[in-house]
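Here's the structure, in structure tokens; my notes come after.
The values are calculated or read from the model by the stated rules, or taken from the named source; none is laboratory data. Keep in mind that what you see is a predicted model, and the values were worked out from it rather than measured. Here the Cβ positions follow ideal geometry from the backbone for every residue, glycine too, while neighbour counts run over all protein chains shown. With ligands, DNA and RNA removed, areas are computed over all heavy atoms of the protein, side chains included. Shrake-Rupley method; radii C 1.70, N 1.55, O 1.52, S 1.80 Å.
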Amino acid sequence: MDFLDSGQKFSPTRDTDWDTTHQFLPAADNKHLEKKPGRRRTLWVGLGLVLSAAAVSLLTGLLVWHYHLRSDVRVKRVYIGSMGIRDQNFLPEYEDPSSPQFSSLAKLVSQQLKLIYSKNSVLTKYFQGSSVQAFSEGDSGSDSLVAYYESEFDIPVPQEASLDEAIQSLEPPAGSQQSQKGRLLLKPVDALSVNNVFSRAIDPRMSRKSLVVRKSFNVHVREGGVLRSPGFPDSSYPPSVYLQWRLRADPGHRVRLDFHTLILEDDCQQDFIKIYDSLAPIELRSLTEQCGYPHGSLSFLSSGNVMLLTLVTNEEKNFPGFRANYSQIPLTAQKCGGTLSGDKGSISSPFFPSNYPPKTSCVWNIEVPVEKFVKVQFSKFLLGNHSDQCPDDYVQVDNKRLCGRKLKNTVITSQSNTMSIKFNSDSSYVDQGFTAEYEAFVPNNPCPGRFQCTNNLCINQTLQCDGWNDCGDGSDEDNCVCDASQMKCKNGRCKPRFWECDGADDCGDRTDEENCEKCKPGEFSCRNGNCIPEESKCNGEDDCSDGSDESKCEKSLVLQQCSAFTFRCGNGRCISKLNPECDEEQDCGDGSDEDNCQCGTRPYRSSRIVGGQISREGEWPWQVSLHIKGKGHVCGASVLNHRWLLTAAHCVQDSGSDKYSQPDQWEAMLGLHVQSQTNEWTVRRNIKRIIAHEDYNPMTYNNDIALMELDEDVTLNQNIWPICLPSPTHDFPGGQVAWITGWGATREGGSVALVLQKAEVRIINGTVCKNLMSDEVSAGMLCAGVLKGGVDACQGDSGGPLSVTGPSGRVFLAGLVSWGDGCARRNKPGVYTRITRYRGWIKEQSGV
Ligand code: ARG
């Protein structure tokens, strides 16, 4: 990147660099003031300093003069704009830049621009020329045609700001969609009846000198089709390109663009795509900018019949790119707003869950019987960045404007039997929008038979004072009288007693985690119950006499003795650092803690079930779908390397006539995202060998682990990558965040999912878990879940991974989905096979 920046000497972004030269002076002066040498030397040193200060000032002065004041140093400024024209019919030939009709109209537009600029002294003085890039039908009533152009100015550096001002002064005043009639009608030499012009300086990343390839593609979306970045999916996109796709729908239609895959470099300063509600990259019409591996909705709609997609890449680090489907939909489809009179109902922003189109406004008028009021609750709310007045995109409920992305579950009530809800999107930057449910209620009894939260949410009465924050604002847990099975937190809340001292802050003020240690303050409590002075912890000596004071340390001291809790290096020595393996730091003298660490990363994502969400393709590259031939998905598994998979032993037990223990019954689908949809990164393999744990007990689910050897190696790719195995002493403490993934049932008794699901859970303290489960939770098991209920693994997820991200960003396999009491029930976590317990067994059986 250094190369690029030095090439762009006069780019406006360098302004800040010139500013720093001003700051050199005071810095030098400071040094001067600090120094107080002896009297004699002062004179000489002083003289020297004065001279050098003079030299620095002179140089700085020269530089300032050279770049800021010398009026002959000029920069090129390019503005991208649109011109709305009246009384011009759009001809089909205007779609083709090589047609004579295009050329002659383009000439008129250029002349007209010159004329417009000639009315402004700044613009006319520095104007170099314009070129027209495309035309489209007008969509705003009075424009019958829109021209998209680029104008170039050559301007002295100090005047750049005044150029921006002059350009913007041509626009109709903010708020008015159209200029007043005749505002830009320039008699008598006007070639065209101009309604309005809008332009902005080009995005500096699009004018990088290093962009060696610049190409435009014109696409008519009528028939629908697919756009791909060059090389997709076989190779990465090319370096140093600026590509744009001009998408055009029939008049009276919108363009719709849905990304199926989008994987770019993480840094938007390097590679990015940008989508515009326009045929030219006018900043004012930008709908979105994306880079990396985006997670939100990737479905976009235009306001009119055109859209522009641009892809810009830099010299290095190229990624797979994208594949997107385009289509057109009539403008009349999905009319939003209207009058609603039912007692309850739901509304959402247009095209939800796609991003709403720009320049859209809808009003819903809700009217309920006179004796009732209305309340509305937003179950999804994603409306751009929050700002005070919500001037851009917003939802307005009666007189209250809402925007931003933090208002999920907000409830608003009316003061009468009517409520009006308005949705508005401006002309740039879109978001996913909202969904909301409204309901009529009797004012003196807003939550009949239910509890009313302070935030006006109504919840089931049984949820009050049960230890869970069901309201979202905690008001259902305030002012409670705790029963015998509960403890009282300092903040007044009641929590189940078995939550005390489980390592998670359940009270919210940590009072449930205070006074848990048997040792005195200032002492460390060893795992064996001994108490030692806090200072003795992590000093390299085994003061506890079980080694537990030397196992969770920041630094990796080599220990005299190994213990059950310390990491053992390849050379047999043990170190005191907690979870040192694959943490990107060499801790063992022999480096063995960083051996075999080609795992736990998402190759094309640098960084960064029940109740779950859809995951992104390639997000869980170690996830495998195990199919029974002719039957389909049965269990999950994880990729350990190019040859071995890990799954649950209960997945490979014969049941009746089903011979699940036979390798030839199975096929493994690696790199799969959607069931029955394979692509270039999906690999299907037969199984050569199944090794179930010899002590697997089908009654207790003890030792629920099995290895599968593939019949043929797989080549790792962006969707197939191993997960890291934790060392036997790796610690996954209670409260730690983990992810479960799988195609299993999305509710208890439900059917399996089509798209790979993911859900966030937490590791649950073993003692707590034992108290919660009706069946025995043994030492080879690990619990994880969300005790509030609603999030869990379920039938069909078995054998799949419980993934935990370590501090270095690598993902470790903490557990295998094994069993549970139903799925996602309150206070019933999922139970997983505890991998640390079986690390040795895996090594013995497979060599991994
Ligand atoms: N045994 C189930 C299977 O075969 C997995 C059950 C996991 N259940 C749970 N609630 N976490 O797919």
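Please work out the Cα center distance from segment 339-361 to segment 547-625, rounded to the nearest Å.
Here the answer is 47 Å between Cα centres.
Go ahead and estimate [θ] at 222 nm for the chain from helices alone: -39,500 (n - 2.57) per DSSP H run with n ≥ 4, summed, over the residue count, rounded to 500.
Values: 8 runs with 101 residues, N = 848.
After summing the helix terms and dividing by the residues of the chain, the value is -3500 deg cm²/dmol.
Leaving ligands, DNA and RNA out of it, report the carbon-plus-sulfur percent of the accessible area of segment 758-848 at a 1.4 Å probe. All intermediate terms of the calculation are to be shown ahead of the outcome.
Details: 1340 of 3110 Å².
Here it works out to 43 percent.
Keeping the other protein chains in place, figure out the carbon and sulfur percent of the accessible area of segment 395-500, with a 1.4 Å probe. Mind dumping the intermediate values first?
Values: 2350 of 5220 Å².
Its accessible area is 45 percent carbon and sulfur atoms.
Output the relative contact order of segment 465-596, whole-number percent, from Cα pairs under 8 angstrom with separation of 6+ residues. Numbers along the way, then the final one.
Details: 239 pairs, mean separation 14.8, N = 132.
Reported as a whole number, the value is 11 percent.
Can you tell me, using C-alpha contacts under 8 Å and at least 6 residues apart, the relative contact order of segment 768-848 as a whole percent? Numbers along the way, then the final one.
Details: 140 pairs, mean separation 27.5, N = 81.
That works out to 34 percent.
Report the Cα centroid-to-centroid distance between segment 262-335 and segment 812-841 in angstrom, as an integer.
40
Roughly how big is the chain's charge dipole about its Cα centre, with Cβ charges of +1 (Lys, Arg) and -1 (Asp, Glu), in debye to the nearest 20?
That gives a dipole near 2380 debye.
If you place +1 on the Cβ of every Lys and Arg, -1 on the Cβ of every Asp and Glu, and leave all else neutral, what size is the dipole of segment 330-459 about its Cα centre, to the nearest 20 Debye? Present the calculation step by step, with values, prior to reporting the outcome.
Working: 13 positive and 11 negative charges, 42 e Å.
About 200 debye.
Given the protein chains as shown and a 1.4 Å probe, how many square angstrom of GLU165 are accessible, to the nearest 10?
Only protein atoms counted, so the area is about 130 Å².
When we measure straight from the Cα of LYS375, which lysines land under 29 angstrom away, once same-chain ones fewer than 8 places off are left out?
LYS335, LYS344, LYS359, LYS400, LYS406, LYS408, LYS422, LYS788
With charges set only on the Cβ (+1 for Lys and Arg, -1 for Asp and Glu), what does the dipole of segment 404-528 come to about its Cα centre, in debye to the nearest 20? Mind dumping the intermediate values first?
Details: 14 positive and 21 negative charges, 23 e Å.
That gives segment 404-528 a dipole magnitude of about 120 debye.
Could you sort ASP512, ASP466, ASP473, ASP664 by accessible area so the largest value comes first, with the probe set to 1.4 Å?
Details: ASP512 5, ASP466 30, ASP473 65, ASP664 100 Å².
The most accessible residue leads, giving ASP664, ASP473, ASP466, ASP512.
Over the chain, with the other protein chains present, what is the accessible area per residue in square angstrom, probe 1.4 angstrom? Kindly include the intermediate steps, with their values, before the conclusion.
Details: 39330 Å² over 848 residues.
Averaged over the residues of the chain, the accessible area is 46 Å².
If you roll a 1.4 angstrom probe over the protein chains with everything in place, what fraction of the accessible area of segment 570-622 belongs to carbon and sulfur, to the nearest %? Before the final figure, lay out each step's value.
Values: 1000 of 2410 Å².
Within segment 570-622, the accessible surface is 42 percent carbon and sulfur.
Considering the options PHE381, ASN399, ASN424, tell which one lies farthest towards the positive end of the dipole of segment 376-435, charges being +1 on Lys and Arg and -1 on Asp and Glu at the Cβ, about the Cα centre.
PHE381
Among VAL221, ASN195, MET206, whose Cα lies farthest out toward the positive end of the dipole of segment 188-234, if unit charges sit on the beta carbon of Lys, Arg (+1) and Asp, Glu (-1)?
MET206
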